[in-house]
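Here's the structure we're looking at; comments come further down.
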Amino acid sequence: MERNTLVIGGAGFIGSFLCKELLKVSDKVIALDNLLRGKKENVKDLVSNPKFSLIIGDANDVTNLKKIIKDNKINYIFHLAANSDIQASAMNPSIEFECTAKTTWSILYAMRECGVKNLFFASTSAVYGELKGENFSEESLLEPVSYYGSAKAASEAFIRSYSYMNDFNALIFRFPNVIGPNLTHGVFFDFISRLKENPTELVVLGDGSQSKPYMHVSDLVRGILMLIWDNKGVNTYNIGVEHDTPVRKIAEMVVREMNLPNCKIKYGSGKIGWKGDVPHFSYKLDKIYSTGWKASMDSDEASLETIKEALGKK
């Protein structure tokens, strides 16, 4: 069977990396993106490939989405479309309904109408909320505290019901913080941007003790492509790395790699950067490890790699 793939959010950070790797194993790769977060520049090296097409459009336009699916005989959909800037939606919750929850519903509806059976969904560790004691497993109660986390949890529920009613095969990955080239927001992007504007001082939200696991996008995409083709039914995996990297350490890495020995790092107060931020979390990775997948870089290594990529050192 031909692999005709549609990557929704395909010009974004993760989506563009996924498209590049899909071209090695697919007969056709269509990227659909509304360019709110994605950039044509992210896929500029792919457009010369006859197997690749970039379509500018909104996944919530179901009529157009169904046309794309039918015209290209799509049989695998990779859903990465969402608002990925949690801080932005903390100020405007409607972003998460329009860009995350509604988008998932629209994609599932189009799949049902067009007879597509195979879905990959990019979920998040934010569905678990704040860590209370034990590490989270895939069976843990979902208690999101951010609008982003709740929209992703709702999306997972939509996927389960549509999969049951329509015999879909759905692979769901709950990501930690994913980093790498072409970031558009987040701590690495923010620190580098701020220091380019003012190389003498770096202002950090919170006291710098916030610490999270960071996974390189190359490891994530390797996991997606390892499991998607033979996936049957609905399968949910935590995917990530075992240890985490403090914000304070990231700030010091960025300052060092930018060669700014006289830069002063100015920390704020409090354990979180903004309301809805989860300053610490970890979750169990036993299930994904049982498939044979494991990250090639730990959190510190992925962090350093990302900083060097952003500064053109790689």
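Of the residues 11, 31, which is closer than 25 Å to residue 222 by Cβ, among the small types (Gly, Ala, Ser) and in contact with a Cys (Cβ under 7 Å, 6 or more places away or on another chain)?
Being closer than 25 Å to residue 222 by Cβ, among the small types (Gly, Ala, Ser) and in contact with a Cys (Cβ under 7 Å, 6 or more places away or on another chain) holds for just one of 11, 31, which is 31.
Are there any helices (runs of 4 or more DSSP H) wholly within the range 136-229 with 2 or more residues that are of a type in the set (Gly, Ala, Ser), and if so which?
Output list reads 147-166, 217-227.
Can you pull out every residue in the range 11-39 that is part of a loop (DSSP other than H, G, I, E, B), out of contact with any helix residue (DSSP H, G or I) (no Cβ under 6 Å at 6 or more places or on another chain) and not hydroxyl-bearing (Ser, Thr, Tyr)?
Across the range 11-39, the qualifying residues are 12, 23, 24, 25, 27, 34, 35, 36, 37, 38, 39.
Of all residues being assigned to a loop (DSSP other than H, G, I, E, B) and among the polar types (S, T, N, Q) in the range 40-86, which is surrounded by the fewest Cβ atoms within 10 Å (Cβ to Cβ)? Just the residue, please.
Of everything passing the filter in the range 40-86, 48 is surrounded by the fewest Cβ atoms within 10 Å (Cβ to Cβ).
Scan the range 302-314 for residues that are closer than 11 Å to residue 250 by Cα and out of contact with any Phe, Trp or Tyr (no Cβ under 8 Å at 6 or more places or on another chain) and jot them down.
Hit for the range 302-314 is 304, nothing else.
Among the numbered criteria (1) surrounded by fewer than 22 Cβ atoms within 10 Å (Cβ to Cβ); (2) touching a Gly at 6+ places or on another chain (Cβ under 7 Å), which one does residue 23 miss?
Residue 23 satisfies all of (1) surrounded by fewer than 22 Cβ atoms within 10 Å (Cβ to Cβ); (2) touching a Gly at 6+ places or on another chain (Cβ under 7 Å) except (2).
Within the range 199-212, does at least one residue satisfy the condition of being of a type outside the set (A, V, I, L, M, F, W, C) and either within 17 Å of residue 305 (Cα to Cα) or crowded, with 21+ Cβ neighbours inside 10 Å (or both)?
The answer is yes, given that some residue of the range 199-212 is of a type outside the set (A, V, I, L, M, F, W, C) and either within 17 Å of residue 305 (Cα to Cα) or crowded, with 21+ Cβ neighbours inside 10 Å (or both).
Among helices (runs of 4 or more DSSP H) lying entirely in the range 231-314, which contain 1 or more residues that are buried (at least 18 other Cβ atoms within 10 Å of the Cβ), at pLDDT 95 or above and over 22 Å from the mean Cα position of the chain (by Cα)?
Output list reads 247-257.
Could you check how many residues of the range 150-169 are surrounded by fewer than 24 Cβ atoms within 10 Å (Cβ to Cβ) and either modelled with pLDDT under 95 or small (Gly, Ala, Ser) (or both)?
6
The values are calculated or read from the model by the stated rules, or taken from the named source; none is laboratory data. It should be emphasised that the depicted structure is a prediction, and the values quoted were computed from it without experimental measurement. Cβ coordinates were reconstructed from backbone atoms using ideal geometry, including for glycine residues, and neighbour counts include every protein chain displayed.
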